[in-house]
Amino acid sequence: ANSVISKNTIRSSNQRCIVIDASNNVVVEGNVAFDTKGHCFVVETGMESGNVFKSNLGAFTQKVHQTMPQAGISGKETDDIPAVFWAGSPSNYWIENVAAGSEGYGYWLELRQNPRGPHADNFARSPAQTELTQFSGNSAHSMQLESLK
């Protein structure tokens, strides 16, 4: 792995927790997030691959009251329907994570036809046509919507 985000506590964040945006091979392990707004653990654009989310806990994930404005390159943000783990790219690893209580979803794979962001034109693969790398040993409970979308 090139970078590691490990053993952090994120509490009362008003906009997300840990966001991987156009980065590859990052290990996100052993982090705890509580009482946060918007998507919590995020793979942003649909172009990311090889990132590992392992043994993280997200609890009490809430809706944002206003989504972030966009400049037209990213599409509508969905933090008003939050997921503890939200992914725009399936080419990553989710292993033994826990989603505990959300005003939305536990795990949401929002796979669009095209990646988003300023470098999307340079990316040949469609996130919706890409295989899921690994999703194992994860759990979710106490979601207002579904555990997995």
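Key figures
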{"item": "Filter result (under 13 Å from the mean Cα position of the chain (by Cα) and either among the basic types (Lys, Arg) or buried (at least 19 other Cβ atoms within 10 Å of the Cβ) (or both)) within region 7-17", "result": "Arg16, Cys17"}
{"item": "Scan of region 23-71 for residues that are assigned to a strand (DSSP E or B), out of contact with any Ser or Thr (no Cβ under 9 Å at 6 or more places or on another chain) and open to solvent by 50 Å² or more (accessible area, probe 1.4 Å), ordered by number", "result": "Lys54, Leu57"}
{"item": "Residue within region 134-148 that is at pLDDT below 95 and over 20 Å from Thr36 (Cα atoms) present", "result": "no"}
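The values are calculated or read from the model by the stated rules, or taken from the named source; none is laboratory data. Remember, predicted model here, so these are calculated numbers, not experimental data. When we count neighbours, we look across all protein chains shown, and the Cβ atoms used for this are built from the backbone with ideal geometry, even at glycine. Areas reflect the complete protein model, heavy atoms only, side chains present, ligands, DNA and RNA absent. Shrake-Rupley method; radii C 1.70, N 1.55, O 1.52, S 1.80 Å.
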